[in-house]
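The values are calculated or read from the model by the stated rules, or taken from the named source; none is laboratory data. Computed from a predicted model, the values in this text were never measured in an experiment. Note that we place each Cβ from the backbone using ideal geometry, even for glycine, and neighbour counts take in every protein chain shown.
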Amino acid sequence: MAFLCFWGSFQVGKLHFGYILGWTVVGSTLIWFILSSIAGSDTDSRSLDLYSCCCLMGYSLLPLVLHALGSLLLPRRSMVTVALAAVAVLWSSQTAARLFVHRSSALRGQLFIVMYPCVLMYAAFALLTVY
């Protein structure tokens with residue numbers, strides 16, 4: 001019986017990991033496509049490849065990971081949890097946008113344009129911890 005409970009929890013954990021990994025890959029690919037379209041075909045804009053986009057988006061996810069850990073101690077769907085989620089989303093998005101702008105000189109001066117799709121992606125992750 002204990003083996004079946006362990007096996008069932010392992011399968012459920014694998015299922016949730018698949019959703020998170022899928023959202024990350026699809027979201028990073030879409031953001032890479034959007035940023036490549038904004039940057040144009042400059043030789044410097046080629047420094048922003050798909051691998052570096054996935055790495056930067058993953059690195060910038062750290063404030064949301066901290067929020068997910070903190071939300072284990074807070075009640076779900078409370079105003080404090082939602083406010084902390086908004087702060088974590090803005091912090092993650094600003095970090096990602098600054099890293100993208102720093103990485104490619106074709107994106108200089110377009111911080112808020114780069115930040116907008118990052119906010120949308122990180123807000124989807126924040127909804128997992130709030131609800």
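Quick one: which of A68, A88 is small (G, A, S), part of a helix (DSSP H, G or I), out of contact with any His (no Cβ under 8 Å at 6 or more places or on another chain) and touching a residue at least 24 places away in the same chain (Cβ under 8 Å)?
On the way: A88 fails: out of contact with any His (no Cβ under 8 Å at 6 or more places or on another chain).
Matching residue, one of A68, A88: A68.
Restricted to the stretch 87-115, and to residues that are under 12 Å from the mean Cα position of the chain (by Cα) and surrounded by fewer than 21 Cβ atoms within 10 Å (Cβ to Cβ), which residue is nearest to V65 (Cα to Cα)?
W91
So in the stretch 18-65, with the set limited to residues that are of a type in the set (V, I, T) and in contact (Cβ under 8 Å) with a residue 40 or more places away in the chain, which one is farthest from V82 (Cα to Cα)?
I38
Mind listing just one residue for me: the one in the stretch 116-131 that is among the aromatic types (F, W, Y) and touching a helix residue (DSSP H, G or I) at 6+ places or on another chain (Cβ under 9 Å) and, of those, surrounded by the most Cβ atoms within 10 Å (Cβ to Cβ)?
Y122
So S52 passes all but one of these: (1) modelled with pLDDT of 80 or more; (2) assigned to a helix (DSSP H, G or I); (3) under 26 Å from V130 (Cα atoms). Which condition number does it fail?
Result: S52 passes all but (3).
Looking only at the stretch 17-34, filter to residues that are among the hydroxyl-bearing types (S, T, Y) and at pLDDT 80 or above; which one of those is nearest to F125 (Cα to Cα)?
T24
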